[in-house]
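Shown next, in C-alpha cells, is the structure this report addresses.
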C-alpha cells in the first residue's frame, strides 16, 4: 500500500467507543483481494456498547457468534443478516467488555469499477453529466454503491471468512489515514441508530454518527 495511506495503529482502536465511532469518520477502509485494491471513505458509523445495550448482540451474552465482541479492540466482527447479507463491525473497548462499531456507509474512493462488478451493477458505463449539467446516472449509482452496511460489504467483498481479522496487522482488510485531511467536529452529526425498535430505552440513544451533508450516507 502506498505511503500516502498510512495504516491506523493499535493505539487508534483503544479509544472510547463513542470517540472512536466519530474518529473513524473520514478514515479509509482498505480491502485487498486478488489484484484489486478497493478503498472507501467511512462516512457513517453506529456504536454498540456493553452488555446492557439491548440493540447489541452482546446483550444475549457471550456466544459462539458474539465471542469476538469480547475480544481485543481492532478485530473485525462480521455477521450474516437475513440469511444473505454481511455487516462489518470493529471491536472496541478492553477485552471481556463487549462493544463494537458498525460501519454503515462508505464513499467509494478507489477500485470503483470493481465495486460495481462486486455489486453486479454497471454504472461505470453511464455518462458523467447530463446535457443540462445535472448529476448523471453514474453519480447517482455511485452514491448508492456502498451507502448501507450490506452494500459496502458486497462492494468490498467482505464476508464471514474475514470474521476475526486483526485490522492492525492484516494485509487483506485494514483502515488507513485519509491523505485529504482530518474531519473537524463541526462536520459530524449524531442521531438515533436505525432499525432497533426492539431495544427499549436504548433505541433512543444518539449513537449513530455521520458526516454532515455527505451524499453517501445510508438510506433508510
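So the values come out like this:
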{"read-out": "Residue under evaluation residue 11, criteria (1) within 28 Å of residue 186 (Cα to Cα); (2) within 18 Å of the chain's Cα centre (by Cα); (3) not in a loop (DSSP other than H, G, I, E, B), criterion not met", "value": "(2)"}
{"read-out": "Selection within segment 5-17 - farther than 18 Å from residue 172 by Cβ and either buried (at least 20 other Cβ atoms within 10 Å of the Cβ) or in contact with a strand residue (DSSP E or B) (Cβ under 6 Å, 6 or more places away or on another chain) (or both)", "value": "17"}
{"read-out": "Search result, residues across segment 18-41 that are touching a strand residue (DSSP E or B) at 6+ places or on another chain (Cβ under 8 Å) and either at pLDDT below 95 or not in a strand (DSSP E or B) (or both)", "value": "18, 20, 21, 22, 24, 25, 26, 27"}
{"read-out": "Residue count, segment 162-182 (criterion: more than 13 Å from residue 91 (Cα to Cα) and part of a loop (DSSP other than H, G, I, E, B))", "value": "10"}
{"read-out": "Exclusive hit being under 15 Å from residue 104 (Cα atoms), out of contact with any helix residue (DSSP H, G or I) (no Cβ under 8 Å at 6 or more places or on another chain) and either in contact (Cβ under 8 Å) with a residue 40 or more places away in the chain or surrounded by fewer than 22 Cβ atoms within 10 Å (Cβ to Cβ) (or both), set 48, 28", "value": "28"}
{"read-out": "Selection from segment 206-220 of residues that are within 18 Å of residue 24 (Cβ to Cβ) and touching a residue at least 60 places away in the same chain (Cβ under 8 Å)", "value": "207, 208, 209, 210, 211, 214, 216, 217, 218"}
{"read-out": "Yes/no for residue 108 being at pLDDT 95 or above, surrounded by 20 or more Cβ atoms within 10 Å (Cβ to Cβ) and in a strand (DSSP E or B)", "value": "yes"}
{"read-out": "Selection count, segment 191-220, where residues are out of contact with any helix residue (DSSP H, G or I) (no Cβ under 8 Å at 6 or more places or on another chain) and either closer than 17 Å to residue 19 by Cβ or not in a loop (DSSP other than H, G, I, E, B) (or both)", "value": "11"}
{"read-out": "Test for residue 64: is it out of contact with any helix residue (DSSP H, G or I) (no Cβ under 6 Å at 6 or more places or on another chain) and either touching a residue at least 40 places away in the same chain (Cβ under 8 Å) or closer than 19 Å to residue 9 by Cβ (or both)", "value": "no"}
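The values are calculated or read from the model by the stated rules, or taken from the named source; none is laboratory data. For clarity, every value in this text was computed on a predicted model and none was experimentally measured. For neighbour counting, all protein chains shown are included, and Cβ atoms are generated from backbone atoms with ideal geometry for every residue, glycine included.
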